Amino acid sequence: MIDIIIAASVLGIMGIIFGIGLSIAAKVFAVEVDERVAEIRKVLSGANCGMCGCVSCDAYAEAVALKKFKVNACVVGGNIVANAIGNIMGVKADEVKEVTARVLCNGVCSVTNDKFLYSGVKTCLAEAQIYNGRKSCSYACLGNGDCVKVCDFDAIYIKDGIAMVNEKNCRACGKCVATCPKKIIVLEPKDNKVTVICSSKDKGPITKKNCSVGCIGCTLCVKKCPSNAINMDGHLAIIDYEKCTNCGECVTVCPTKAIVFYA
Amino acid sequence: MINVIITSFLSAVLIENFVLVRFLGICPFLGVSKKIDTALGMGVAVIFVMAIASAVTWMLQEYILKFFHLEYLQTIGFILVIATLVQLVEMVLQKTSKSLYKALGVYLPLITTNCAILGACLINIQKGFDLINSLLYGIFAGVGFTLALVLFAGIRERLENAEVPEFLKGFPISLISASLVSLAFFGFQGLVK
């Protein structure tokens, strides 16, 4: 019995002495930690998407607290997070330009046709390797849902064979943009309601044969736009969002309805 | 006296190299040896811990454990000392060299559970060294550990640019190279009687 007590007390006393030694050392070698880093990190989402320009949410919190990085860089967080960070740092946050993902293809099953019957692995990445997929248009959305799988915010879904974005849920983290093997998902400012919902760079007659709602490069929209915001990239119309005023003239004049108004 | 020190040095660094011949401390050996600077930093930390741990555990064994007839508490007592020392090293490193601290990452507290340190302490007791010899053997064992790590880091840095078959890239080729280096070190056997 006495042996057990001796053993326990020897170990116990050693432990206490070492513990006291370590706590003294902790005070001597204390490292300055800025509390604001932890506070800012709590406000961030933790998605580590990199849209702010820093490698991770931890890095962004450090950059804001210690290097005076701008407080409105988190696109995923939006204005709520920007204001919260502004409060912590004691500065006023500028407006965060809200961005959303958009799928630039409107080729639902009823308006497109297939080149062949695809019975391989049902992912966009696999299907896109075989002659750009089963659709006649080589720029088409294949609707196998690689983007849906990768979205953390439930903001993208497949309807009628193509992917569509629920702009209310979209946090613009960019994961679907990176995942799409056809590279037809882009990030556009939420305030801009007009979009050319086609990615086809093929000539007019070819596009018309593949899909009845594709952009045929007729340039009627370019001529009609009052702010000169539309340019042609080959046979595809591209809207310059710095100049677009959401007037919707291009929507009315497009013969194939390739430009739409996002309500 | 000089003879004993040289024998101790050769034995700890070459003949019975802790990593390559005794196979202790493989975890940091494979984990920290990607770059020579981190390997060197880790090695220095280990030398420091091994030296002080050897001395303190020797004194613990001699003056407390033997006195109370508690030799069976050797393992847990030694681990207590080693854990405290490693925590101390961690605190000092965090204050003095933040970049090394970040580079070593989780491998720094891993020195605690690393069998190399405990191995050095137990071998000291096994070989029946006195305090000075224990301390010296601990330092030399750390040097041997550092040697193995830096050597392997050099090899690994060169492996990055070598043409390695796809299925061997990364850990497989590292392990194979490690075994070859270890084989080479076995060549030192029998150098000292």
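Only residues that are under 13 Å from B:I36 (Cβ atoms) and either β-branched (V, I, T) or in contact with a Pro (Cβ under 9 Å, 6 or more places away or on another chain) (or both): list them for the stretch B:146-172, please.
B:T146, B:L149, B:V150, B:I155
Restricting to the stretch B:111-133, and then to whatever is open to solvent by less than 50 Å² (accessible area, probe 1.4 Å) and under 24 Å from A:A25 (Cβ atoms), can you tell me which residue is farthest from the other protein chains (Cβ to nearest Cβ)?
B:A116
Pairs only if they're at least six apart or on different chains, beta carbon under 6 angstrom, first in the stretch A:91-114 and over 24 Å from A:I216 (Cα atoms) and open to solvent by 40 Å² or more (accessible area, probe 1.4 Å), second among the basic types (K, R) and part of a loop (DSSP other than H, G, I, E, B); list them, first residue then second.
A:E98/A:K190
Restricting to the stretch A:37-65, name every residue that is touching a residue at least 24 places away in the same chain (Cβ under 8 Å) and within 21 Å of A:E98 (Cα to Cα).
Correct list: A:I40, A:V43, A:L44, A:S45, A:A47, A:C49, A:G50, A:M51, A:A61, A:V64.
Tell me, which residue of the stretch B:66-82 that is more than 9 Å from every other protein chain (Cβ to nearest Cβ) and touching a helix residue (DSSP H, G or I) at 6+ places or on another chain (Cβ under 8 Å) is surrounded by the most Cβ atoms within 10 Å (Cβ to Cβ)?
Filtering the stretch B:66-82 for residues more than 9 Å from every other protein chain (Cβ to nearest Cβ) gives B:66-67, B:71, B:74-75, B:78-79, B:82.
Then drop every residue that is not touching a helix residue (DSSP H, G or I) at 6+ places or on another chain (Cβ under 8 Å), which leaves B:71, B:74-75, B:78-79, B:82.
Details: B:E71: 11, B:Q74: 17, B:T75: 11, B:F78: 22, B:I79: 16, B:I82: 24.
Result: B:I82.
Confirm whether A:G46 is of a type outside the set (F, W, Y), at positive phi and open to solvent by 50 Å² or more (accessible area, probe 1.4 Å). Let's see the steps before the verdict.
On the way: of a type outside the set (F, W, Y): yes; at positive phi: yes; open to solvent by 50 Å² or more (accessible area, probe 1.4 Å): no.
Taking the combined requirement at face value, the residue does not satisfy it.
Is it true that some residue in the stretch A:227-247 is buried (at least 18 other Cβ atoms within 10 Å of the Cβ) and more than 23 Å from A:K182 (Cβ to Cβ)? Walk me through how you get there before you give the answer.
As a first pass, look at the stretch A:227-247 and keep what is buried (at least 18 other Cβ atoms within 10 Å of the Cβ): A:229-230, A:235-237, A:239, A:244.
Restricting the remaining residues to those that are more than 23 Å from A:K182 (Cβ to Cβ) gives A:229, A:244.
Checked the stretch A:227-247: at least one residue is buried (at least 18 other Cβ atoms within 10 Å of the Cβ) and more than 23 Å from A:K182 (Cβ to Cβ).
Please find, within the stretch B:91-110, the residue that is farthest from the other protein chains (Cβ to nearest Cβ) out of those that are more than 15 Å from B:T38 (Cβ to Cβ) and either of a type in the set (A, V, I, L, M) or under 17 Å from the mean Cα position of the chain (by Cα) (or both). Give the derivation first.
Applying the first criterion (more than 15 Å from B:T38 (Cβ to Cβ)) to the stretch B:91-110 yields B:91-92, B:94-96, B:109.
This time we only want the ones that are either of a type in the set (A, V, I, L, M) or under 17 Å from the mean Cα position of the chain (by Cα) (or both), so: B:91-92, B:109.
Working: B:M91: 4, B:V92: 6, B:P109: 13 Å.
Taking the candidates together, the pick is B:P109.
Looking at this structure, is A:V31 aliphatic (A, V, I, L, M) and over 19 Å from the mean Cα position of the chain (by Cα)? Spell out the reasoning first.
Working: aliphatic (A, V, I, L, M): yes; over 19 Å from the mean Cα position of the chain (by Cα): yes.
Here the answer is yes, as A:V31 does meet what is asked.
Quick check on the stretch A:19-40: of everything there that is open to solvent by less than 70 Å² (accessible area, probe 1.4 Å), of a type outside the set (V, I, T) and within 28 Å of A:G77 (Cα to Cα), which residue is farthest from the other protein chains (Cβ to nearest Cβ)?
Here is the first cut: in the stretch A:19-40, the ones open to solvent by less than 70 Å² (accessible area, probe 1.4 Å) are A:19, A:21-23, A:25-26, A:29-31, A:34, A:37-38, A:40.
Checking the rest, the ones that are also of a type outside the set (V, I, T) come to A:19, A:21-23, A:25-26, A:29-30, A:34, A:38.
Then keep just the ones that are within 28 Å of A:G77 (Cα to Cα); that gives A:34, A:38.
Numbers: A:D34: 14, A:A38: 17 Å.
The extreme case among them is A:A38.
Taking only pairs six or more apart or across chains, which ones have beta-carbon atoms under 7 Å, a first residue in the stretch B:48-65 that is within 11 Å of another protein chain (Cβ to nearest Cβ), and a second residue that is in a helix (DSSP H, G or I) and among the charged types (D, E, K, R)?
Pairs that qualify, where the first residue is within 11 Å of another protein chain (Cβ to nearest Cβ) and the partner is in a helix (DSSP H, G or I) and among the charged types (D, E, K, R), are B:L65/B:E71.
Give the stretch A:49-69 a look and list any residue that's outside any helix (DSSP H, G or I) and buried (at least 16 other Cβ atoms within 10 Å of the Cβ), or say none.
Of all residues in the stretch A:49-69, those outside any helix (DSSP H, G or I) come to A:49-56, A:68-69.
Residues satisfying the conditions are A:C49, A:M51, A:C52, A:C54, A:S56, A:F69.
Among the listed residues A:K201, A:K122, A:K149, A:K182, which satisfies the condition of being in a loop (DSSP other than H, G, I, E, B), free of Cβ contacts under 8 Å to residues at least 40 places away in the same chain and open to solvent by 30 Å² or more (accessible area, probe 1.4 Å)? Break it down stepwise before answering.
Working: A:K201 fails: free of Cβ contacts under 8 Å to residues at least 40 places away in the same chain; A:K149 fails: in a loop (DSSP other than H, G, I, E, B); A:K182 fails: free of Cβ contacts under 8 Å to residues at least 40 places away in the same chain.
Answer to the check: A:K122.
Starting from the stretch B:174-193, keep only residues that are at pLDDT 90 or above, then list their pairs with residues that are open to solvent by 70 Å² or more (accessible area, probe 1.4 Å) and assigned to a loop (DSSP other than H, G, I, E, B) whose Cβ atoms are within a distance under 9 Å, requiring at least 6 positions of separation or different chains.
B:S182/B:F23
Mind checking which residues of the stretch A:1-18 are at the interface with chain B (Cβ under 8 Å from one of its Cβ atoms) and hydrophobic (A, V, I, L, M, F, W, C)?
A:I6, A:A7, A:V10, A:L11, A:M14, A:F18
Residue by residue through the stretch A:152-163, note down the ones that are open to solvent by 20 Å² or more (accessible area, probe 1.4 Å), within 18 Å of A:T123 (Cβ to Cβ) and hydrophobic (A, V, I, L, M, F, W, C).
Selection gives A:I158 alone.
Kindly provide the set of residues from the stretch A:41-77 that are modelled with pLDDT of 75 or more and within 14 Å of chain B (Cβ to nearest Cβ), ordered by number.
Once the filter is applied, which keeps residues that are modelled with pLDDT of 75 or more and within 14 Å of chain B (Cβ to nearest Cβ), the stretch A:41-77 yields A:S56, A:D58, A:A59, A:E62, A:L66.
The values are calculated or read from the model by the stated rules, or taken from the named source; none is laboratory data. Predicted model only: the values in this text are computed from it and were never measured. When we count neighbours, we look across all protein chains shown, and the Cβ atoms used for this are built from the backbone with ideal geometry, even at glycine. Note: areas computed on protein heavy atoms with side chains; ligands, DNA, RNA excluded. Shrake-Rupley method; radii C 1.70, N 1.55, O 1.52, S 1.80 Å.
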